[in-house]
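Okay, so here's the structure we're looking at.
The values are calculated or read from the model by the stated rules, or taken from the named source; none is laboratory data. Fair warning: this is a prediction, and the values are worked out from it, not measured in the lab. FYI the Cβ positions are ideal-geometry reconstructions off the backbone, even for glycines, and counts take in every protein chain you see. To get the accessible areas, we keep the full protein, side chains included, count just its heavy atoms, and leave off ligands, DNA and RNA. Shrake-Rupley method; radii C 1.70, N 1.55, O 1.52, S 1.80 Å.
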Amino acid sequence: MEHRNFNLLLATDSYKVSHYKQYPPNTSKVYSYFECRAKNTDYTKSPIERYDKTVFYGLQYILQRYLKGKVVTLEKIREAKEVYQEHFQDDLFNEQGWKYILEKYDGHLPIEIKAVPEGTVIPRGNALFTVESTDPKCYWLTNWVETILVQIWYPITVATNSREQKKILAKYLLQTSGSLKDLEYKLHDFGYRGVSSQESAGIGASAHLVNFKGTDTIAGICVIKKYYGSKDPVSGFSVPAAEHSTITAWGKDHEREAFEHIVRQFPSVPVSIVSDSYDIYNACENIWGKDLRALIETRSPDAPLIIRPDSGDPLQTVLKILEILGKRFNLTENSRGYKVLPPYIRVIQGDGVDIHSLQEIVEGMKRHRWSIENIGFGSGGALLQKLTRDKLNCCFKCSYVVTNGLGVNVFKDPVADPNKRSKKGRLSLHKTPEGDFVTLEEGKGDLEEYGADLLHTVFRNGLILKTYTFDEVRDNAKLKDSELDKSE
C-alpha cells in the first residue's frame with residue numbers, strides 16, 4: 001500500500017486539529033474549493049510573469065499516493081492521539097471522529113472531490129477542484145485534507161511556468177526558422193540536485209514533462225509511469241553528457257584529448273560536452289574549431305556535438321560562441337534569413353536560465369540574426385525550486401456549509417485586500433458559448449444554462465473514480481494555434 005507508513009492524521013496544519021470544535025453546532029457539511037486567484041490590481045511584475053492562465057496538474061498523484069483506500073487504522077489513531085497530546089499539552093484530538101471513519105468506512109475517507117481534467121489550461125480565478133464531506137458526522141474532514149491537497153500548488157506552478165517558457169521558445173523558433181521542429185526538446189530539466197527532496201524532484205520534473213520531453217531528472221519519469229501511465233515506455237529523454245570532472249580529470253593541458261575521447265565514445269547519438277573548464281572561447285575557436293573540426297564534421301545531424309558553456313553572462317556568452325563557431329564551421333542561412341550552424345554542431349545554455357534570461361537570449365539571438373535552431377536550454381533551480389505558492393496565488397477556501405439542515409453560502413471579503421475576496425456557495429465550472437471558462441457561484445450551475453459542469457468527480461469515499469493518462473494531460477496542455485505568435 002502506498003500509505004502504509006504514512007499517517008494522514010498527522011499530515012495537517014496544527015490548528016486544524018481543533019477545528020472540529022469550532023464550527024457552528026449542528027454543522028453537517030463543509031464544502032471548499034481550490035483556485036489560483038486572479039489579481040484585480042495592476043501587475044507589478046514584468047508582463048512575462050503575468051501567468052494569466054494556469055496548467056492544472058498533480059491532483060491525481062496526491063489522490064493515488066495519499067488519499068485512496070484505507071488510510072485510517074487503529075494504530076494511526078493511537079499514534080496521532082499521542083503526538084497531539086504532547087504537541088498541545090492538552091487532549092484536543094478528535095479521536096471519536098477518526099474511530100467513526102474507521103468503523104463505518106473501514107478507514108476510507110468520506111469526502112468527494114470534483115476537479116477539472118488534468119492538463120487543462122484555464123484562466124486564473126476559476127475553481128479548479130472542490131471538496132465536500134459526504135457524511136454529516138464528518139463535516140470537519142473537508143478542511144482537514146486542505147493541507148495535503150494545497151500542495152498541488154507546486155506541480156501547477158512548475159507546469160505553468162514551463163508552459164510559458166514553451167510559448168516564448170515557440171514564438172522565436174517560428175520567427176527565426178518558420179518551423180516548430182524539436183520545440184519539445186528546447187528546454188531541458190537540469191533541476192534534480194537543486195530541489196528540496198526526492199519527492200519534489202519527481203513531482204516537479206513530471207510537471208515540466210507535461211510541456212517538454214527533455215529531462216535529466218529521472219524521478220519525474222518514475223512518477224509518470226507509476227501514477228499516470230502513457231502509451232510510451234518513457235515520457236522524457238536525455239543524451240550522454242560531460243560534467244566538469246570528466247574534463248578536468250584529464251588535466252588542464254589535456255582538454256583536447258578529453259574532448260576527443262568523449263566524442264569518440266558516443267559516435268551515433270547526440271553528445272553534450274561542457275567546454276568552459278578553462279577558456280570556453282579558446283575551446284570553441286581552437287579545439288573544436290581547428291583541432292577536432294574534421295572529427296566533428298563526420299557526425300550525423302542525428303548525433304550532433306552539443307557545446308555547453310556554463311559560466312559568464314548568458315546572452316553575451318551565447319552570442320560570442322555562435323560567432324566563433326559560425327566562422328569555423330560552414331554557416332548557412334535558412335528560409336527566414338537567419339544564420340544556422342551545420343546540423344552536426346549545436347549549443348546548449350544551461351547556466352542562469354529562467355523565464356527572463358530565456359527571453360533575453362532568444363531576443364538577442366534574433367536581433368543578431370541567429371536562428372533558435374542552433375540552441376537548446378537547460379534550467380534547474382529556476383524551473384523546479386525558485387517557486388512559491390504565492391506566484392499563482394493558490395488558495396483553498398470554504399464557500400458553503402450546512403448547519404441545522406440549512407445550506408448557507410459563506411465567503412471572506414477582507415477590507416484591506418479585495419484580491420482575497422472568496423467565492424460563495426456551491427460552485428461549477430462551465431464554458432460560455434464564446435469558449436471562455438466561467439465559474440458559477442451559489443449553485444447557479446444547477447440551472448444548466450451553460451451546460452454540463454466541467455468539474456468531474458475524481459474521488460469519493462476512498463475510491464478514485466476517474467484518472468487521466470499522461471498522454472491526455474499533455475494533449476490538454478498543448479499550445480493552441482491562437483497562442484502562437486507568428487509575427488515577425
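For region 284-301, the criterion of being within 19 Å of L187 (Cα to Cα), buried (at least 18 other Cβ atoms within 10 Å of the Cβ) and among the β-branched types (V, I, T) is met by none of the residues. Using the structure shown, decide if I113 is among the β-branched types (V, I, T) and either at pLDDT below 95 or over 26 Å from K478 (Cα atoms) (or both). Spelling it out, it is not the case that I113 is among the β-branched types (V, I, T) and either at pLDDT below 95 or over 26 Å from K478 (Cα atoms) (or both). Of the helices (runs of 4 or more DSSP H) lying entirely inside region 115-215, the ones with 2 or more residues being in contact with a Ser or Thr (Cβ under 6 Å, 6 or more places away or on another chain) are found at 141-144, 153-177, 198-208. Elements of the type strands (runs of 3 or more DSSP E) sitting completely within region 314-432 and holding at least 3 residues that are in contact (Cβ under 8 Å) with a residue 40 or more places away in the chain: these cover 345-349, 375-379, 394-403. Of the helices (runs of 4 or more DSSP H) entirely within region 1-106, those holding at least 3 residues that are among the hydrophobic types (A, V, I, L, M, F, W, C) and modelled with pLDDT of 95 or more occupy 74-88, 95-105.
Take the residues in region 368-389 that are charged (D, E, K, R) and farther than 14 Å from V340 by Cα; name whichever of them is least open to solvent (accessible area, probe 1.4 Å). Only one residue fits best here, namely R389.
Scoring Y468 on the criteria (1) surrounded by fewer than 18 Cβ atoms within 10 Å (Cβ to Cβ); (2) under 22 Å from the mean Cα position of the chain (by Cα); (3) in a loop (DSSP other than H, G, I, E, B) leaves a single failure, condition (1). Considering every residue within region 66-83, establish whether at least one is open to solvent by less than 10 Å² (accessible area, probe 1.4 Å) and farther than 21 Å from E132 by Cβ. Yes, region 66-83 has at least one match.
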